[in-house]
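Following: one structure in structure tokens, then a few remarks.
The values are calculated or read from the model by the stated rules, or taken from the named source; none is laboratory data. Just so it is clear, the structure is predicted and the values come from calculations on it, not from any experiment. Note: ideal-geometry Cβ built from the backbone for every residue, glycine included; neighbour counts use all protein chains shown. Calculation scope for accessible area: heavy atoms of the full protein, side chains included, ligands and nucleic acids excluded. Shrake-Rupley method; radii C 1.70, N 1.55, O 1.52, S 1.80 Å.
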Amino acid sequence: LATYLRDRLGLSAGSGDLCRTGLQSLGLPEPGAPVPARLSIRAEDPQALAARKVVGRQALKMQANVQGTLEDLDPEYLHDLRVATRRLRSALRLFAEVLGPKRCDSLRAELNWIGWLLGAVRDLDVFIGNLRAQARRLGEAGTIAELLAEELGRQRVPEREALGAALDSRRFRDLVRRLDALASSPPPRLPRGAQGVPVSQAAPALIGKAQKRVLKLGRTI
């Protein structure tokens, strides 16, 4: 059947996973696709350059997963898109000093907006998946779990519609454009202060700062 459809529709021959072949035919990247080598971070990169590479990597991840999320092809597209927004928010907080606090605060506010919409759908996807797994495990006793999963599926519809409208909006396109502009902007020719510090030297302090924040939140919980 696969061979017949391939020949009938004029599709190129593919090897390996059929899902991968289908995505390639549609011109869509796989979830979790690797980023270009030009955005690889080196130990000697000054912090101003490394910060831009981090933003560029995650902005690219966002864009690579938008179409798959809009078409609702697989929950992993939405998951990867959400992860990229969260990593961007963290990066903009950590690198605010070298990228510009006002610019970072403004971008983080927009990422919070789209992140909230992504989270609403992603949480339902996780709950539905867990409930259906429980239903399969419990057999006949899983009827209630399946009914709950169906109800969550109905709740997912308006949440997904809101997310789709947001991802297709001018506001989101402007956010992506601003992230791309930041990532592609040249670092200062004469870096000042932390901007010129190699990322290998700056990383321990940045990670330590983030770790303290996590531990503080943990103590609060």
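Sort out which residues of the stretch 47-97 are farther than 30 Å from E161 by Cβ, more than 14 Å from the chain's Cα centre (by Cα), open to solvent by 10 Å² or more (accessible area, probe 1.4 Å) and among the hydrophobic types (A, V, I, L, M, F, W, C), and write them in order of number. L49, L94, F95, A96 - these are the residues of the stretch 47-97 that are farther than 30 Å from E161 by Cβ, more than 14 Å from the chain's Cα centre (by Cα), open to solvent by 10 Å² or more (accessible area, probe 1.4 Å) and among the hydrophobic types (A, V, I, L, M, F, W, C). Test L117 against the stated conditions and say whether it is open to solvent by less than 20 Å² (accessible area, probe 1.4 Å) and either under 24 Å from Q63 (Cβ atoms) or in contact with a strand residue (DSSP E or B) (Cβ under 6 Å, 6 or more places away or on another chain) (or both). It is false that L117 is open to solvent by less than 20 Å² (accessible area, probe 1.4 Å) and either under 24 Å from Q63 (Cβ atoms) or in contact with a strand residue (DSSP E or B) (Cβ under 6 Å, 6 or more places away or on another chain) (or both). How about the stretch 63-83: which of its residues are part of a helix (DSSP H, G or I) and not aliphatic (A, V, I, L, M)? Once the filter is applied, which keeps residues that are part of a helix (DSSP H, G or I) and not aliphatic (A, V, I, L, M), the stretch 63-83 yields Q63, N65, Q67, G68, T69, P75, E76, Y77, H79, D80, R82. Apart from one condition, R177 fits all of (1) at pLDDT below 95; (2) open to solvent by 60 Å² or more (accessible area, probe 1.4 Å); (3) closer than 30 Å to G193 by Cα; the exception is (1). All of R219, R178, R213, R173 fail the test of being closer than 18 Å to A109 by Cβ, part of a helix (DSSP H, G or I) and without any contact (Cβ under 8 Å) to a residue 60 or more places away in the chain, apart from R173. Filter the stretch 128-141 down to residues that are surrounded by fewer than 16 Cβ atoms within 10 Å (Cβ to Cβ) and not small (G, A, S) and give me whichever is nearest to R160 (Cα to Cα). Going through the qualifying residues, I end up with N130.
Within the stretch 181-209, take every residue that is among the basic types (K, R) and part of a loop (DSSP other than H, G, I, E, B) and give me the one that is most open to solvent (accessible area, probe 1.4 Å).
Of the stretch 181-209, the ones among the basic types (K, R) are 189, 192, 209.
Right, trim to part of a loop (DSSP other than H, G, I, E, B) and you get 189, 192.
Working: R189: 230, R192: 190 Å².
Going through the qualifying residues, I end up with R189.
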